[in-house]
1. Where in the chain lies the longest segment free of chymotrypsin sites (Phe, Trp or Tyr not before Pro) that are both loop residues by DSSP (not H, G, I, E, B) and have at most 14 other Cβ atoms within 10 Å?
2. In whole Å and largest first, what semi-axes does the C-alpha gyration tensor of the chain yield when each eigenvalue is scaled by 5 and square-rooted?
3. Using a ≥ b ≥ c from the Cα gyration tensor of the stretch 15-111 (square roots of the eigenvalues), is it rounded, prolate or oblate, where a/c under 1.5 gives rounded and otherwise the larger of a/b and b/c decides, a/b for prolate?
4. Ignoring ligands, DNA and RNA, what percent of the 1.4 Å accessible area of the stretch 46-178 is carbon and sulfur?
5. Give the cross-link partners of K18 among the aspartates and glutamates, using a straight C-alpha distance below 19 Å as the criterion and excluding same-chain residues fewer than 8 apart.
6. Roughly what would the spin-label model give for Y29 and S171, points 7 Å off Cα along C-beta, in nm?
7. Under 14 Å Cα to Cα from K122, which aspartates and glutamates show up? Leave out anything in the same chain fewer than 8 places away.
8. Between S79 and N100, what FRET efficiency comes out of the Förster formula 1/(1 + (r/R0)^6) with R0 = 45 Å and r the beta carbon distance, rounded to 0.05?
Amino acid sequence: PDSKLKRSGSHKSNQNAKYQLDSIVSYNYKYEFTYNEAGAIDLWEYFLWNAQDGQWAEQEKKVWTYDEYGNKITYETYSWDDYNSQWINDNKKITSHESNGDSTTESYWWDTITSQWIGWYKSISSYDSTGNRTLNMGYNWVEGQWLRKNRIIYNYDENGNIISEWYYTWSIIENQWL
């Protein structure tokens, strides 16, 4: 396959050189990638070769955005609508980051009938002062609201190695973690 590499970074030493793949081209498909100023991917596109018209046809794309600290805040996927010649929403994730390192991610899928984003899954993660995840809470979207699903508690030794994971499921009937 024909692929290209973009080089950035120091040109004095190969040890400091950084490479970014900007495309992968094969017989009948192509991927293209773009990056932001910090070097993080912000666009991924997938094309198929249309032999009838001799052009690349859009299939799907993924888009990322980041905050000023380089944390991913949105991730969106789209599919190409040949009939209307436009991108249509598929899925999206929105992440908020707290100053203490904790984060919340909400996942949605696009309802083509109502033209609305529908909640799917929400995850809240907490971290200790060394960056180890200590808690992950999961929620499902049910009738317009986030309902508890699961909880995982992580414990670490003094070297930061995980020593236990405690998994709990929320019981609606008993109204408690089991």
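The values are calculated or read from the model by the stated rules, or taken from the named source; none is laboratory data. In this text the structure is predicted, and so the values were computed from the model without any measurement. Cβ atoms come from the backbone with ideal geometry, glycine included; neighbour counts cover every protein chain shown. Side chains included, ligands, DNA and RNA excluded: accessible areas come from the protein's heavy atoms. Shrake-Rupley method; radii C 1.70, N 1.55, O 1.52, S 1.80 Å.
1. It works out to 84-178.
2. One finds semi-axes of 36, 27, 13 Å for the chain.
3. Numbers: a/c = 3.85, a/b = 1.41, b/c = 2.72.
Here the stretch 15-111 falls in the oblate category.
4. Summing carbon and sulfur atoms, their accessible area is 46 percent of the total for the stretch 46-178.
5. Here the aspartates and glutamates satisfying the reach criterion relative to K18 are E32, E37, D42.
6. 4.6
7. K122 reaches D102, E106.
8. Values: r = 37 Å, r/R0 = 0.82.
The computed FRET efficiency comes out at 0.75.
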